[in-house]
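The values are calculated or read from the model by the stated rules, or taken from the named source; none is laboratory data. Just so it is clear, the model here is predicted, and its values are computed rather than measured. In this analysis, Cβ positions are derived from the backbone assuming ideal geometry, glycine residues included, and neighbour counts consider all displayed protein chains.
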Amino acid sequence: MGEPDVRVLMLRMHRGDESAAEALWARFAARLTAYARVLLPSGHQGAAEDVVQGVFVKVLRMRRGQLRRVQDGTAMLFRITRNEAINAGRGELREQARRRAVERVEESALERTEVRRVLEAIEGLVYEQREVILLRYIGGLTVDQVSEALGVKRGTVASRSRLGMEKLRESLGVDASEVCDG
């Protein structure tokens, strides 16, 4: 049998099942933290872990009936993370936070200069395209999940994703056939 549905894990966590809470944390903490770091203002990215803990507390405080009505737990967790991060950083400029977020991410297989080059290209996108690209390709959300997380239509997400990827390919000088747009 596969992994339990996110909503089922949330309901079990709500009942006090520590193994469900640990499974949810293991599945989402890193992705939610990375997303929160991008949204937090400069100098406050360290609060991303607090934001994510707050997300889990918020889920625990939800009424059981609310959790039963959740259709997509993954999208809901990202939506709560988005709202919590925005609330935590209200009034600050978020542009600087995205530039510094890469410094907190562990080194990947890419060279540091390539990471900077990609981040600069992402920073060159308009906010709406950047947010969709981050949710889709860093957060790993589907188009439907991004639509729910941002509260916009599916077609809007698809359009922003397509336009953002076109701009990134152009900025990075990458042939469209070399990039998976999945």
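Can you find a residue in the range 52-61 that is in a helix (DSSP H, G or I), in the same structural domain as Val8 (by TED's automatic domain parsing), of a type in the set (Phe, Trp, Tyr) and closer than 19 Å to Glu123 by Cα?
The answer is no; no qualifying residue exists.
Which condition from (1) touching a helix residue (DSSP H, G or I) at 6+ places or on another chain (Cβ under 7 Å); (2) modelled with pLDDT under 95; (3) of a type outside the set (Phe, Trp, Tyr) is the one that Glu166 breaks?
(1)
Restricting attention to the range 142-168, report how many residues are surrounded by fewer than 16 Cβ atoms within 10 Å (Cβ to Cβ), of a type in the set (Lys, Arg) and assigned to a helix (DSSP H, G or I).
Total meeting the criteria: 2.
Condition check: under 18 Å from Val6 (Cβ atoms) and either assigned by TED's automatic domain parsing to the domain that holds Gly139 or in a helix (DSSP H, G or I) (or both). Does Gln71 satisfy that?
no
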